[in-house]
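As structure tokens, the structure follows; a few thoughts come after it.
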Amino acid sequence: MAGLRAAHRRHYNKWIDQLKAEGCKALGYRLTGDIVDRLCVRHLRANIRVIVAFETPELAWILLIGPHDNSDPGIDIYTIIYQALDTPIPSEKRIKPPCCDGTDQLPPGWGDHIDELIDSIVAFTRSRRRR
């Protein structure tokens, strides 16, 4: 990840190895809300977050990496993902369920809908760059 500073990049690379080895156990929690409740989050370092979607339990897509900053919605990774998926940001406290869920400890899968998810995020982030 060329856009990450050296310290963040080291944490990211270490986490990638963990993701490959452990799957959804390498992520912290799922987001709250319609659609986004199948997205998992990992705190990398400081305020940097990674948002991941699982197409299958063995195939993960890294959707966004960026800062979580409540004071600036323009750069806040959570605000961006909710806006990209046209989903209301929850007004209540998030419950943060684990990424691996249930007795089988599998991640929430997107299956064939992963392409739509990725297309929505790419289109939204491209439109933001043009502003």
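Does region 80-92 contain any residue that is out of contact with any His (no Cβ under 7 Å at 6 or more places or on another chain) and farther than 19 Å from Gly33 by Cα?
Here is the first cut: in region 80-92, the ones out of contact with any His (no Cβ under 7 Å at 6 or more places or on another chain) are 80-92.
Pick out the ones that are also farther than 19 Å from Gly33 by Cα and you get none.
No, region 80-92 has no match at all.
Which count do you get for residues in region 1-55 that are hydroxyl-bearing (Ser, Thr, Tyr) and over 18 Å from Pro98 (Cβ atoms)? Walk me through how you get there before you give the answer.
Step one: of region 1-55, the residues hydroxyl-bearing (Ser, Thr, Tyr) are 12, 29, 32.
Next, from what is left, pick out any that are over 18 Å from Pro98 (Cβ atoms): 12.
Adding up the residues that qualify gives 1.
Given (1) at positive phi; (2) small (Gly, Ala, Ser); (3) in contact with a helix residue (DSSP H, G or I) (Cβ under 7 Å, 6 or more places away or on another chain), where does Ala84 come up short, assuming only one miss?
(1)
Looking at (1) polar (S, T, N, Q); (2) more than 18 Å from Ala60 (Cα to Cα); (3) over 16 Å from the mean Cα position of the chain (by Cα), which is the one condition that is false for Thr87?
(3)
Does at least one position in region 115-131 carry a residue that is surrounded by 14 or more Cβ atoms within 10 Å (Cβ to Cβ), part of a helix (DSSP H, G or I) and aromatic (Phe, Trp, Tyr)?
yes
Val52 versus (1) touching an Asp or Glu at 6+ places or on another chain (Cβ under 9 Å); (2) modelled with pLDDT of 95 or more: which is the lone unmet condition?
For Val52, the failing item is (1).
(1) modelled with pLDDT under 95; (2) closer than 23 Å to Asp104 by Cα; (3) aliphatic (A, V, I, L, M): which one isn't true of Val41, the others all being true?
(1)
Looking for whichever is among the polar types (S, T, N, Q) and under 20 Å from Arg128 (Cβ atoms) here; the options are Thr87, Thr56, Thr32. Which one fits?
Details: Thr56 fails: under 20 Å from Arg128 (Cβ atoms); Thr32 fails: under 20 Å from Arg128 (Cβ atoms).
One residue alone meets the criteria, Thr87.
The values are calculated or read from the model by the stated rules, or taken from the named source; none is laboratory data. Remember, it's a predicted structure, so these values are computed and weren't measured experimentally. Note that each Cβ is placed from the backbone with ideal geometry, even for glycine, and that neighbours are counted across all protein chains shown.
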